1. Does Gly102 satisfy the criteria of being loosely packed, with under 10 Cβ neighbours inside 10 Å and at pLDDT 80 or above?
2. Can you give me the number of residues within segment 20-35 that are assigned to a loop (DSSP other than H, G, I, E, B), surrounded by fewer than 12 Cβ atoms within 10 Å (Cβ to Cβ) and of a type outside the set (A, V, I, L, M, F, W, C)?
3. Could you tell me which of the residues Ala42, Ala17, Ala38 is open to solvent by less than 40 Å² (accessible area, probe 1.4 Å) and modelled with pLDDT of 85 or more?
4. Please count how many residues of segment 45-62 are more than 18 Å from the chain's Cα centre (by Cα) and either of a type in the set (Phe, Trp, Tyr) or at pLDDT 85 or above (or both).
5. Restricting segment 63-77 to residues that are in contact (Cβ under 8 Å) with a residue 12 or more places away in the chain and open to solvent by 60 Å² or more (accessible area, probe 1.4 Å), which is farthest from the chain's Cα centre (by Cα)?
Amino acid sequence: MALSSTVQEALWLRELAKELDPDAVSTGIKIFCDNKEAVDFAKNAGYRPRTKHIDVRQHFIREHIEASVINVEFLPTEEMLADALTKGLHGPKLLGFRKQMGLKD
C-alpha cells in the first residue's frame, strides 16, 4: 500500500518537473523499498490469497514498471537515507546519513 502511494507521488512530481522544464525528465524514476516481499509483489504477477484487496494498486505499480516509467529496487533498511529525515536515529547512524547527504554540522 505504501509503495503504491510512493509511486503516485513520484509520478506527480515527475509531471511537475516536466511542466517546469520539459527536457529535465528523460529517464525512469528509481524507487527504493526496504521490503523484499513488496518489491517482488510489484514486479511479479501471481495470485496471493492474502492480498486480494490490493490488486488494483498492484496492477497500477506493475503497469508503470512494465512501461519503464518507474523502477522499484530493494535497499536494506540500514542503507535508507530517507530514514534520517523520517525516524529518530541514534547518533552514529544519523551522522553517517547526514554525511552521505552532504549536509554540514
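1. Taking the combined requirement at face value, the residue satisfies it.
2. Here the count works out to 5.
3. Going through Ala42, Ala17, Ala38 in turn, just one is open to solvent by less than 40 Å² (accessible area, probe 1.4 Å) and modelled with pLDDT of 85 or more: Ala17.
4. 1
5. Of everything passing the filter in segment 63-77, Ser68 is farthest from the chain's Cα centre (by Cα).
The values are calculated or read from the model by the stated rules, or taken from the named source; none is laboratory data. On a predicted model such as this, the values are computed, not experimentally measured, just so you know. Every residue, glycine as well, gets a Cβ built from its backbone with ideal geometry; the counts of neighbours run over all protein chains shown. These area figures cover heavy atoms from the full protein model, side chains too; ligands, DNA and RNA do not enter into them. Shrake-Rupley method; radii C 1.70, N 1.55, O 1.52, S 1.80 Å.
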